[in-house]
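The structure appears below as structure tokens.
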Amino acid sequence: MDKVFIKDLRVSGIIGIYEHERGTPQEIMINAVMLTDIRKAAETDEIADCVDYEKVA
């Protein structure tokens, strides 16, 4: 398996339960590791064989 890393991705979003939490966008830091097989994409260089990040999200 191969690993795709997302490290220290900073995004702004509205999060929280209470109104005062949701009133102002907050910075969110994302770190993730995704295990996947990217051999076919590396061999063919075809976009159709690459990881579809829209589906992952």
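Coordinate-derived values only; no laboratory data. Since we're looking at a predicted model, the values are computed, not measured.
Just subtract the alpha-carbon distance of Met29 and Glu43 from 0.36 nm times their residue separation and send over the number in nm, one decimal. Can you show the working numbers first?
Values: separation 14, 0.36 × 14 = 5.04 nm, distance 3.31 nm.
Fully extending the segment from Met29 to Glu43 adds 1.7 nm.
Return the sequence-ordered ³J(HN,Hα) values of the range 36-48 in whole Hz as given by the Karplus equation 6.51 cos²θ - 1.76 cosθ + 1.60 applied to θ = phi - 60°, using x for Gly and Pro.
7, 9, 10, 4, 4, 4, 5, 6, 8, 6, 9, 4, 5
Please give the length that would be gained between Val11 and Tyr53 if that part of the chain were fully extended, namely 0.36 nm times their separation in residues minus their C-alpha to C-alpha distance (nm, one decimal). Each step should come with its number before you reach the end.
Details: separation 42, 0.36 × 42 = 15.12 nm, distance 1.65 nm.
Contour length minus Cα-Cα distance gives 13.5 nm.
Pull up the cross-link candidates among the aspartates and glutamates for Lys40, meaning alpha carbon to alpha carbon under 14 Å and not fewer than 8 places away within one chain.
Result set, ordered by chain and number: Asp2, Asp49, Asp52.
Pairs of alpha-carbon atoms within less than 8 angstrom and 6+ residues apart define the contacts here; what relative contact order does the chain have, in percent? It would help to have the intermediate numbers written out before the result.
On the way: 68 pairs, mean separation 20.2, N = 57.
Rounded, it is 35 percent for the chain.
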